[in-house]
Each structure stands twice: as structure tokens, then as C-alpha cells.
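Read the structure below first, then the notes.
The values are calculated or read from the model by the stated rules, or taken from the named source; none is laboratory data. These numbers were taken from a predicted model, which means no experiment stands behind them. FYI the Cβ positions are ideal-geometry reconstructions off the backbone, even for glycines, and counts take in every protein chain you see. Heavy atoms of the whole protein, side chains included, go into the accessibility calculation; ligands, DNA and RNA do not. Shrake-Rupley method; radii C 1.70, N 1.55, O 1.52, S 1.80 Å.
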Amino acid sequence: MNVLFVNYQDFTSNSAIHIFNLANELTGLGADCAVGVTGDPATIELLGTPKFQALGFGEARNGGLRFPDGGAPSLVHAWTPREAVREPTEGLGSRYGCPYVGD
């Protein structure tokens, strides 16, 4: 399973700490994860070493999303119901032809 999380900011946000740990744990259980952020994906270095791809929304929208199996996301997870998250989540779900869920 390939899971793409969408966060409303970069990795300095409180939610990013939760997403970082969840994505690393899911990867350890056999899923492949990626996290798209509106801000700078390089801020991931503040949290540690990810076991997943961190990228900006623009990169994700333009085909920069790369799962190890070469496939598309199986699911897009919108982290919080913010409008800044809803729009890219719906767009990414349409682009990759997969469902999305939100918190």
C-alpha cells in the first residue's frame, strides 16, 4: 500500500511530528509512505531521518512523487480539514486516481 499524507505546513508544524512518526511506523509495517507539505520539505531534517519521501505540493502535483514500487498512491490522507489541505488532497486524488480520507 502506498500512502500519501498531505500536511498544511512544513515539518515545523505540530501535526508534522505526528505524521512523521506515523509514516515511519507504517513504513516499518510494510506500507510505503510519502508526505506532501505546503512549506519547505527540507525542514524534515528537524525531526530526524524519515523512512519516507518528503516533498512539496508542487512537486507531488507535477509527478515528483516516487514510491519504491513505482506505483501511484493507494490512498491520500488529508491531515486536518483545512482548506489549504482539502484542495491539494482532492487534486492529488484526481491526478493519481485514488481515494482520499481526512481527519
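Of the numbered conditions (1) touching a residue at least 40 places away in the same chain (Cβ under 8 Å); (2) outside any helix (DSSP H, G or I); (3) surrounded by fewer than 19 Cβ atoms within 10 Å (Cβ to Cβ); (4) not polar (S, T, N, Q), V101 satisfies every one except a single condition; which is it?
(1)
Can you name the condition, by its number, that G48 falls short on among (1) at negative phi; (2) touching a residue at least 12 places away in the same chain (Cβ under 8 Å)?
Going through the list (1) at negative phi; (2) touching a residue at least 12 places away in the same chain (Cβ under 8 Å), G48 breaks only (1).
Starting from residues that are in contact with a Lys or Arg (Cβ under 9 Å, 6 or more places away or on another chain) and surrounded by fewer than 21 Cβ atoms within 10 Å (Cβ to Cβ), keep the ones in the stretch 41-64 and report whichever is nearest to I19 (Cα to Cα).
In the first step, residues of the stretch 41-64 are kept if they are in contact with a Lys or Arg (Cβ under 9 Å, 6 or more places away or on another chain); the result is 53, 55, 60-61, 63.
Now narrow it down to the ones that are surrounded by fewer than 21 Cβ atoms within 10 Å (Cβ to Cβ): 55, 61, 63.
Values: L55: 13, R61: 20, G63: 22 Å.
Out of the qualifying residues, it is L55.
For the stretch 22-46, enumerate the residues that are assigned to a helix (DSSP H, G or I) and of a type in the set (V, I, T). Spell out the reasoning first.
To start, the set of residues in the stretch 22-46 that are assigned to a helix (DSSP H, G or I) comprises 22-28, 41-46.
Scanning the stretch 22-46 gives T27, T43, I44.
Just checking, does the stretch 83-96 include any residue being open to solvent by 70 Å² or more (accessible area, probe 1.4 Å) and small (G, A, S)?
Going through the stretch 83-96, the residues open to solvent by 70 Å² or more (accessible area, probe 1.4 Å) turn out to be 83, 86-87, 94-95.
Narrowing further to those that are small (G, A, S): 94.
Taking every residue of the stretch 83-96 in turn, at least one turns out to be open to solvent by 70 Å² or more (accessible area, probe 1.4 Å) and small (G, A, S).
Can you tell me how many residues in the stretch 1-21 are open to solvent by 10 Å² or more (accessible area, probe 1.4 Å), part of a helix (DSSP H, G or I) and under 18 Å from V85 (Cα atoms)?
Residues in the stretch 1-21 being open to solvent by 10 Å² or more (accessible area, probe 1.4 Å), part of a helix (DSSP H, G or I) and under 18 Å from V85 (Cα atoms): 5 in total.
Could you say which residue among T38, T27 is farther than 16 Å from R95 by Cα, open to solvent by 20 Å² or more (accessible area, probe 1.4 Å) and touching a Lys or Arg at 6+ places or on another chain (Cβ under 9 Å)?
On the way: T38 fails: touching a Lys or Arg at 6+ places or on another chain (Cβ under 9 Å).
Of the residues listed, the single one that is farther than 16 Å from R95 by Cα, open to solvent by 20 Å² or more (accessible area, probe 1.4 Å) and touching a Lys or Arg at 6+ places or on another chain (Cβ under 9 Å) is T27.
If you go through the stretch 55-68 one residue at a time, do you hit one that is aromatic (F, W, Y) and touching an Asp or Glu at 6+ places or on another chain (Cβ under 6 Å)? Talk me through it step by step, then tell me what you get.
Within the stretch 55-68, the subset aromatic (F, W, Y) is 57, 67.
Now narrow it down to the ones that are touching an Asp or Glu at 6+ places or on another chain (Cβ under 6 Å): 67.
Yes.
Criterion first (touching a strand residue (DSSP E or B) at 6+ places or on another chain (Cβ under 7 Å), assigned to a helix (DSSP H, G or I) and either modelled with pLDDT under 95 or among the hydroxyl-bearing types (S, T, Y) (or both)) does V85 satisfy it? Step through it out loud before you land on a result.
Working: touching a strand residue (DSSP E or B) at 6+ places or on another chain (Cβ under 7 Å): yes; assigned to a helix (DSSP H, G or I): yes; either modelled with pLDDT under 95 or among the hydroxyl-bearing types (S, T, Y) (or both): yes.
Spelling it out, V85 is indeed touching a strand residue (DSSP E or B) at 6+ places or on another chain (Cβ under 7 Å), assigned to a helix (DSSP H, G or I) and either modelled with pLDDT under 95 or among the hydroxyl-bearing types (S, T, Y) (or both).
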